[in-house]
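Below is one structure, written out as C-alpha cells; the observations come after it.
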Amino acid sequence: MDASGLPGATLLTYSRPGPAKLQHAGTFFFARRVTVAPARPNNPQSTLKPAEETLRPLLLLGLEGDRAAYASFLAQAAAHLRAYVRRRLTRWPDDVEDVMQEALLAIHNHRDTWRRTEPLMPWLHAIARYKLIDALRARSMHEAMLLPLDDESEDALADADPHAGEARRDVRVLLETLPDRFRVPIECVKLEGLSVAETTQRTGMSASAVKVGVHRGLRLLARRLRESPR
Amino acid sequence: MNTDALVEALAKGPIAVGPRAVERRLGAALAGGATLATLAMLAALGLRPDLHAALREPMFWAKLAYPLVLSLAAACATTVLARPAGRARRAAAASCAVAAAMVLAALGILAIAPAGGRVALAVGHSALACVVAVAALSLPVFALAVVALRRCAPTRLRSAGAAAGLLAGATAAAVYAWHCDETALPFLGLWYTLGMVMPAAIGAVLGPRLLRWA
C-alpha cells in the first residue's frame, strides 16, 4: 500500500500514450490507484500506517525487555511526536520539544496501559493529545491577556493605513511620553517595521518582553490618545 | 534535557511490563473497596435478620443480580476507559439498557397496581435509607478506583469518572442487598437505580478534576 517510492514511475506510466485501448485503460487504472493517495512525508494520514508498522514491533520487543528495540522505539516515537506536536502547536514553536518530551515521558511511564492486541498509534496519539491539551491550557491561561503578534498581523498593521506617514508625526509626541520598555519595542516593531526577532537582536530585550511591551504600550498609547485634547 | 539523552535515560531503567497491569490495579481496587463496603455494611447495618428464609425468595436474588450485572458492565467499561483512547460505548449502552428496563418494569408494575397501594409499593419502608446507604457504601470502591485510575492513563476523564462511579454504586448496591428486606420490584427498580446512578453522576462531575494524571 505504501506508494512513497512510486510517484516518478507512475508519472511515466501515466503520460505514455497507450496503443491499445485495453492496455491504456489498464495503465490509467494503475496510475489512478497509485496517485489517488500520494504519500507525502508531512501528511499525518500517510505517516500513520508506516509508523504503526515500524513502532509496534519495536515496542512489543521492548515490553519484553529488549533494550535496543525499546530505545529505537522511543527515538522513532519522539520523531513522530515532534511532527505531531509541531503541527498543532503552531503558536508556540519554541515549546514543541518540551511538549513532545512530556508526551514521550508519559508514554514511557504508562506503557503498561497499551493492550498489545490493539493498534498502537491511537494509543500513542491519545497520550500526545492529552499532554498537548495540558500544555495549551497552561499557555493560554498565561497568555490569554495578550494579543498574538505574528509577523503577518504586524505587516497588516504597518501597511493598513496609506497615510501612516502623517499619523506617525502625531503619535511620536505621545510616544515620547511612554517609558522606554514600551516606547522602544513600539518604535522598532510598529514604526520601523522590524520583526520581533530583529528587535530582540537590536535591543537585547527578550522576545516576550518585546511582545508584551508592544501590546501594553499600544494600550497605554490608546488611553493617552483618548485623554489628550485634540 | 535533549531528547536523545531522555531516550537513553528511559531505556536504561527497567522496561519490561506485564500485560494486564490495568486489570490488576482496578481488580485490586474493586476487591479492596468491596471488602471495606461489606465490613461497613455488617458493622453499621447488619445482615437482614430473615436472611435464611430470604435465600429462597427470587426477589433476594434479583436484588443481588441487578447490581451485579451493572457492576460487571461498569468494570468492563472502567478497564477500557483507564487506557488512552479507550471508549466503552457497548458497556455504556448495556448499562443504560439494563437500568432502563428495570425502571420501566418498576413503572409498569406500579401502573397496573391498585391505586391505593402504589405509594407503599414504590416507597416501601426504607427508600431514603436505601439511597443514602448505597451512596455511602460506594465511597470505598470509588476512592480506591480513583487512585487506581490515576495510576493508569485515562484520556476521557468524564466517562472514566462515570464508569468508576457506576462500578462503586453497583458494588455498593450488591452489598446493601444483604441488609435490605424490601420485597417489591418497583422498590428495586426505583431506589437501587437511583442509589447507583448517583455515584455515577458524581463520578462524571468529578472525573475531570480527580482523574487528571501527570
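Each reported figure results from applying straightforward, stated rules to the coordinates on display, with no laboratory input. It should be emphasised that the depicted structure is a prediction, and the values quoted were computed from it without experimental measurement. Cβ placement follows ideal geometry from the backbone for every residue including glycine, while neighbour counts extend to all protein chains displayed.
Computed quantities for the displayed model
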| quantity | calculated |
| --- | --- |
| For the range A:95-101, 3J(HN,Hα) per residue [Karplus equation, 6.51 cos²θ - 1.76 cosθ + 1.60, θ = phi - 60°, Hz, x = Gly/Pro] | 9, 4, 5, 4, 5, 4, 5 |
| Simple label model, 7 Å out from Cα along Cβ direction - B:LEU45 to B:LEU104, nm | 2.8 |
| Theoretical FRET efficiency, 1/(1+(r/R0)^6), r = Cβ-Cβ of B:ARG209 and A:ASP94, R0 41 Å, to 0.05 | 0.85 |
| Dipole in debye (nearest 20) - chain B, about Cα centre, beta carbon charges: Lys, Arg +1; Asp, Glu -1 | 660 |
| Per-residue average of Cβ from other chains inside 10 Å of A:119-125 | 2 |
| Sorted by Cβ neighbour density within 10 Å, fewest at the top, the residues B:ILE112, A:ILE133 | B:ILE112, A:ILE133 |
| Equivalent ellipsoid semi-axes - Cα gyration tensor, the range A:44-143, angstrom | 25, 14, 12 |
| Most mobile of B:VAL141, B:VAL98, B:VAL197 in a GNM of chain B (Cα contacts under 10 Å) | B:VAL98 |
| Sum of -39500 (n - 2.57) over DSSP H runs of 4+, divided by residues of chain B (222 nm, nearest 500) | -24500 deg cm²/dmol |
| Dipole of the range B:54-189 [Lys/Arg +1, Asp/Glu -1 at C-beta], most positive-end residue of B:CYS76, B:LEU107, B:ALA172 | B:CYS76 |
| In degrees, nearest ten, helix B:193-210 long axis to first principal axis of chain B (Cα) | 20 |
| Using alpha carbons only: equivalent-ellipsoid semi-axes of chain B, gyration tensor based, whole Å | 39, 18, 13 |
| Between 0 and 90°, nearest 10: helix B:21-44 axis offset from chain B longest Cα axis | 40 |
| Per-q log10 I(q)/I(0), the range B:1-118, q = 0.12, 0.23 Å⁻¹ (Debye; single scatterer per alpha-carbon; no solvent) | -0.74, -1.28 |
| Chain B: angle of helix B:157-176 to the longest principal axis, Cα-based, in degrees nearest 10 | 40 |
